[in-house]
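Chemist: After the structure tokens below, expect a handful of questions from me.
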Amino acid sequence: MLKVGLTGGIGAGKSEVSRLLVEHGAVLIDADRIAREVVAPGTPGLAAVVAAFGEEVLAEDGGLDRPKLGSIVFADPDRLAVLNSIVHPLVGTRSRELESAAAEDAVVVHDVPLLAENSLAPLYDLVVVVDASPRTQLDRLVRLRGMTEQDARARMAAQATREKRLEIADIVIDNDVPLDDLRQRVQDVWGDLVRRARVSQGPQE
């Protein structure tokens, strides 16, 4: 098994890269998706979030009001740290469960937005960083996700710097390119990952 940490700044196009890797055969463990699952209605995770932030972060249906919670934590690093201290251990436990269920020869891609921020690189055999310029990130967040420029800049500022992400990268995927170029780059990276997975398996009898 080859354990790959995949990360990138918000708006860099990490989700598109993870989708393409899955098309090639990767086993994807999506930290964001798991983070939503562990604070779903009725979970201990949601109860802990409400205890820390109050019932104002609940929507009318009893689920988490993500925009409300986001407006609180992304403007206050201390509150963000509190949220992370609740959610990250739960995500880690569930991620390990999913990883253990993968085949021995699998390329397991952990899609982890805050990999650099939480110094998680040592957990993986290698780290792939999807990179885009801050200008490209901002454009995508405003134009494609409908964020205000102020909100987009706040989300970007709450993450690690581009330089910090690149420092931990074993492989960089440039996503300041057209989609066809990105597809080719991902295909090349996939070939590399498969070769590394075979080497990690050792000699075959």
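Chemist: Mind checking which residues of segment 1-43 are farther than 17 Å from V112 by Cβ and without any contact (Cβ under 8 Å) to a residue 40 or more places away in the chain?
Modeler: Selection gives E23, A40, P41, G42, T43.
Chemist: Of everything in segment 28-42 that's β-branched (V, I, T) and under 26 Å from E104 (Cα atoms), which residue is surrounded by the fewest Cβ atoms within 10 Å (Cβ to Cβ)?
Modeler: I34
Chemist: Do we have D188 as acidic (D, E), without any contact (Cβ under 8 Å) to a residue 40 or more places away in the chain and closer than 17 Å to S18 by Cβ here?
Modeler: Numbers: acidic (D, E): yes; without any contact (Cβ under 8 Å) to a residue 40 or more places away in the chain: yes; closer than 17 Å to S18 by Cβ: yes.
Against the criterion (acidic (D, E), without any contact (Cβ under 8 Å) to a residue 40 or more places away in the chain and closer than 17 Å to S18 by Cβ), D188 qualifies.
Chemist: Taking into account only those residues within segment 91-104 that are modelled with pLDDT of 90 or more and of a type in the set (D, E), which is farthest from L2 (Cα to Cα)?
Modeler: E97
Chemist: Still on this structure, I have one more. Is there any pair with a first residue in segment 52-66 that is in contact (Cβ under 8 Å) with a residue 12 or more places away in the chain and a second that is assigned to a strand (DSSP E or B) whose Cβ atoms are under 7 Å apart and which are 6 or more apart or on different chains, and what are they?
Modeler: Pairs that qualify, where the first residue is in contact (Cβ under 8 Å) with a residue 12 or more places away in the chain and the partner is assigned to a strand (DSSP E or B), are V57/L64; L64/L58.
Chemist: With exposed (fewer than 13 other Cβ atoms within 10 Å of the Cβ) and under 30 Å from V177 (Cα atoms) as the only criterion, which of G25, G13, G8, G54 stands out?
Modeler: G25
Chemist: Moving to a separate point now. Sort out which residues of segment 143-170 are surrounded by 17 or more Cβ atoms within 10 Å (Cβ to Cβ) and of a type outside the set (D, E, K, R), and write them in order of number.
Modeler: Scanning segment 143-170 gives M147, A152, M156, A158, Q159, A160, I168, A169.
Chemist: What are the residues in segment 111-132 that are modelled with pLDDT of 95 or more and open to solvent by 10 Å² or more (accessible area, probe 1.4 Å), if any?
Modeler: A121, P122, Y124, D125, D131
Chemist: Could you list, in sequence order, the residues of segment 134-180 that are under 18 Å from the mean Cα position of the chain (by Cα), part of a loop (DSSP other than H, G, I, E, B) and of a type outside the set (K, R)?
Modeler: Correct list: A158, Q159, A160, T161, I168, A169, D170, N175.
Chemist: Using the structure shown, decide if V186 is more than 22 Å from I34 (Cα to Cα) and within 19 Å of the chain's Cα centre (by Cα).
Modeler: Details: more than 22 Å from I34 (Cα to Cα): yes; within 19 Å of the chain's Cα centre (by Cα): yes.
Yes, satisfied.
Chemist: Right, here's the next one. So for segment 53-62 (the condition being within 22 Å of the chain's Cα centre (by Cα) and not acidic (D, E)), does at least one residue qualify?
Modeler: Within segment 53-62 (the criterion being within 22 Å of the chain's Cα centre (by Cα) and not acidic (D, E)), the answer is no, since none of the residues qualifies.
The values are calculated or read from the model by the stated rules, or taken from the named source; none is laboratory data. Everything quoted here is computed from the prediction, not taken from an experiment. Note: ideal-geometry Cβ built from the backbone for every residue, glycine included; neighbour counts use all protein chains shown. Ligands, DNA and RNA are stripped out before the accessible areas are found, and what is left, the full protein with its side chains, is counted by its heavy atoms. Shrake-Rupley method; radii C 1.70, N 1.55, O 1.52, S 1.80 Å.
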